[in-house]
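What follows is one structure encoded as structure tokens, with my remarks underneath.
Derivation of every value follows stated rules applied to the coordinates shown; laboratory data play no part. Note that the coordinates shown come from a computational prediction; the quantities given were computed from them, not determined experimentally. Positions of Cβ are generated from backbone atoms using ideal geometry, with glycine treated the same way; all protein chains shown enter the neighbour counts.
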Amino acid sequence: MRTSTRVAATITVGLALTLSACSTNGGDEPAPAGEATTSASETPTDDATSDATSGATDDVTGDDGTAGPADETDEPDVAFGTEPQSSADWPGSGGDLLPVGVRVGAHEGYERVVFDLEGADAPGWRVEYVDAAISDGKGDEIDVDGDATLQVVLTGFRYPEGQAETERLAMGSYDAESAEEVEEVYVAGIFEGQNQAFIGLDGQVPFRVFALTDPARVVVDVRTTEG
């Protein structure tokens, strides 16, 4: 009798659970395990839209050794001058940045050089006129076009690992075909957490420096003769 009672109780509970499940699901089959649904608030952000908002362009570095166009339109409250300019936390500390592109663009009154970076950290910088372009690593003098040379030292970089990472770095000489004041941009590379570059100009003109985010980049504007 005890065994029969247990079997009857089990059947009764099973029927109750089945009826309850049918009532809850409205008779529909349950969704397969692991199948995700996307709501309007989870719609992926379009990278092109983000770039258009920040002013960045996809054409970072030309395949022919020329710098790509720089279309940023941000106008920061930074004064032009000929004295050295540094970030507030210069020289800063280590970081995870890598240099991935160079762009040059002409604007009314100034020309812009953009150093595109990859990584989550904020870069530091120091930009100043130098008598000669001397590489930090080997101490070699680099022949940069122009009658004046701006040295750009950016901080917060890590050493690249692997051939794929090394190949995508912005290094070497870039012709500034879209500019008149800027003759050449030369990126010397990473040494002890710093990325060194040189901007060759027609003459020693006022400049300004600032950083932009999403993605990280450092901007150097140089006054043109008509500015």
Scaled radius of gyration (Cα, divided by 2.2 N^0.38 Å) that segment 54-223 gives: 0.93
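Report, as a whole number in µm² per second, the diffusion coefficient that Stokes-Einstein gives for segment 127-190 at 10 °C and 1.306 mPa s using the Kirkwood radius over alpha carbon pairs.
For these conditions, the coefficient is 119 µm²/s.
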Length released on extending from Q163 to F210, taking residue separation times 0.36 nm less the Cα-Cα span: 13.8 nm
Distance between modelled label sites at F191 and D143, nm, 7 Å Cα→Cβ extension: 2.0 nm
